[in-house]
Amino acid sequence: MTNYPPFPTDGTVAVQDLLVVDYKLLKEGDQEQANILWEAATKWGFWYLKNQEAESFVEPMFKMGQETLSLPFEEKMKYWQGNKGASFGYRAAGATYVDVDGSTDASEFINISKDDAMAYPRVVHKVYPETVNAYMKDTVRPFIETCINESRVIMKVFNEKLGLPEGTLLDLHDHTKPCISETRCIKVPAAPKDTKIALGQHTDFGSLSFLANRLGGLQVLISDNEGEQWKYVKPIEGHFICNIGDTLSILSGGILKSCTHRVLPPPGPQAGHERWSLVYFLRPTNDVYLEALVSRSSLIAEAVRNAPDKANAFPEMTAAQWFVKKQSQHRTDKDKGVESLLASGPKNFEGSTY
């Protein structure tokens, strides 16, 4: 692992302190850890997860990502995710707008479907570069399997706290059924100090996200007594940064918080370094209809009654339909074909951000 400069701790950047959940204890049924998780998920929607079991796969996953994203642009574009709402495969930097000024993102990544990894070598959704396939059996699949197992422990806590019938959330996130769950390895190139945004503000589409990163740059939008402000989340070695996504917030009637976040270049002494991150996105099965589970939980029903504006904000479609809609937004390459993109090269995607 590269020895990076330390994250600044001298007060020069605003940092959000997150609660720490001990996964080992949570898995054993520790109620104190369950309460810490619940507090974090209902107050901010973000927390650290320590003693998580996927750590041994993180560095090999980064190696897979580095080998894949080092391929020539023309080779990577053979595995392009497209611009019609699909997600699996390669996405070039600059493919989305990040602000009203027309700036574009600087993040390049490879997405690998949970369904493809679990079925490998059978292809379910997408064919991947050999640099991915070489790691599929011993790295990608066990990393995804471990994240799924950890998500099941977390979902059981949420299920109980929300007063849902046993197994409700697990059934809605049945890993044996088709879904858009995926893992993503992300590269943000070293940037000048005046660079603004690497990935624009957003909430995650799905239910749970597990993030491993070695450099700072992640910021969360926090509302407190001083109003709304952006604060950095400090990466901690061996800890995942976890967060709630939109679909779990919708299903819970807004009780579980989907927090807005973005990615900037690393702060302080870490500036000027290439930034790598790894995520697993847990999403509901494709056929789950996105609405609050008011008929299954009095707590959720009460939350919706007390916030009638949220009751009218549900997507009124399935998870798969909503994902396609969200994934298609803010694309700079919208309606462009792969041949035209290849003809102009990677610079075609780049805008004013970098």
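The values are calculated or read from the model by the stated rules, or taken from the named source; none is laboratory data. Being a predicted model, the structure only gives us computed values, none of them experimental. All Cβ positions, glycine included, derive from the backbone under ideal geometry; neighbour counts span all protein chains shown. The protein model used for the area step is the full one, side chains on, heavy atoms only, and it has no ligands, DNA or RNA in it. Shrake-Rupley method; radii C 1.70, N 1.55, O 1.52, S 1.80 Å.
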Task: Dipole magnitude (debye, nearest 20) for the chain, charges at Cβ of Lys, Arg, Asp, Glu - done: 540 debye
- [ ] Compute, for I154, the solvent-accessible surface of its heavy atoms (probe 1.4 Å) with the complete set of protein chains present, and express it in square angstrom to the nearest 10.
- [x] 0 Å²
Task: Value of Rg/Rh across segment 24-99 [Cα atoms, Kirkwood radius] - done: 1.15
Task: Two-site label geometry, K50 and Q321: point separation in nm, points 7 Å out along Cα→Cβ - done: 4.5 nm
Open item on the list: Using only the alpha-carbon atoms, how far is helix 141-161 inclined from the longest principal axis of the chain? Give it as 0 to 90 degrees, nearest 10.
Closed with: 30 degrees
- [ ] Report, in degrees rounded to the nearest 10, the 0 to 90 angle that the Cα long axis of helix 31-43 makes with the longest principal axis of the chain.
- [x] 70 degrees
Open item on the list: Given the -39500 (n - 2.57) contribution per DSSP H run of 4+ residues, what per-residue ellipticity at 222 nm results for the chain, rounded to the nearest 500 deg cm²/dmol?
Closed with: -8500 deg cm²/dmol
Open item on the list: Using the Cα centre of the chain as origin and beta-carbon charges of +1 (Lys, Arg) and -1 (Asp, Glu), tell me which of I110, N51, Y232 is placed farthest towards the positive end of the dipole.
Closed with: I110
Task: Extension gain from N133 to A119, taking 0.36 nm per residue of separation minus the Cα-Cα distance - done: 3.8 nm
Open item on the list: If I histogram all Cα-Cα distances within segment 1-159 using bins 5 Å wide from 0, what percent of pairs lands in each bin?
Closed with: 1, 7, 13, 14, 14, 16, 17, 12, 5, 1, 0
Task: Pairs beyond 24 Å (Cα-Cα), from K76/K257; K234/K257; K63/K156; K161/K325; K50/K161 - done: K76/K257; K63/K156; K161/K325
- [ ] Inverting the mean 1/r over all pairs of different Cα atoms, compute the Kirkwood radius of the chain and quote it in Å.
- [x] 20.8 Å
Task: Residues E302 and V153, FRET efficiency given R0 of 30 Å [Cβ-Cβ distance, rounded to 0.05] - done: 0.70
Open item on the list: Show me the ranking of peptides 294-303, 52-61 by mean Cβ neighbours inside 10 Å, starting with the highest.
Closed with: 52-61, 294-303
Open item on the list: Let me make sure I get this right: for segment 147-238, a, b and c are the square roots of the gyration tensor eigenvalues over alpha carbons, sorted descending. Under 1.5 in a/c it's rounded, otherwise prolate if a/b > b/c, else oblate. Which is it?
Closed with: prolate
